[in-house]
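Every number here is computed from the coordinates shown, using simple stated rules; none is lab data. The shown structure was predicted, so the numbers you read here are calculated from the model rather than taken from an experiment.
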Amino acid sequence: MQPHGGRNPRGRARRDRRLVPERRRIPPAPPGVARHAGIALSRMRRACQALRQHPGALVALASRSLPRLRCAGKDTTRVALGIGLILLVVPIALIDLETRLIPNRLTLPGALLALGLGLALDPSGEPSRLIAGAAAGGFLLIAVLAYPGGMGMGDVKLAAVMGLFLGSAVAPALLVALLSGSAVGAVIIARKGARAGRKTAVPFGPFLALGAIVAVFAGAPLVHVYVNHFLH
């Protein structure tokens, strides 16, 4: 018998449990979905490792894709450079997400591929692509020197290589990369707070890859619209 005015630990424990909200258990993913996701992730990792060990595979993949697009009657130079760029930036983005590094073993062969395709298919346009590559790399180099903790030299090299592939269309590619990176940074700061969010390391390579892919499909029209409406 509990004396009058004494404490009842059991009753207090019940009241405490009522005050604490129950945690909702997140149901696990179905076995089939988890299995397929794991298979896809392992395949992407194996593909990234293969490209790091054999970067010449980019050239082989691009050469296999060109005949189909020539039959479609599209601009061979633009399509060839676009295919080469996509084959380059996708594995780079995956590697950067996993290792926080952009390997030179991919960017250097990518630069050689861009120069080779450009000189073989459109030699007259190569000077403008060289200027675009220097401008894109120089732009990010200034950003790295101004804020060393934000980006690395791998991002600078990748931007320069993107300019060799895209030419003037590298401008909207960098714009998309900066806007998407800023948006993700703002979301991280909103969730973690300003101090913790600024300390969170986010690789910039995937945003550059996103901008490159957007520029491959819509970069030239965007540059055309900008030149005609704002410079004329």
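A few remarks follow.
- Derived scalar couplings ³J(HN,Hα) [the stretch 175-190; Karplus, 6.51 cos²θ - 1.76 cosθ + 1.60; whole Hz; x for Gly, Pro]: 5, 4, 4, 5, 5, 5, x, 5, 5, 5, x, 5, 5, 5, 5, 5
- Cα-based shape type of the stretch 97-155, given that a ≥ b ≥ c are square roots of the gyration tensor eigenvalues and the cut on a/c is 1.5: oblate
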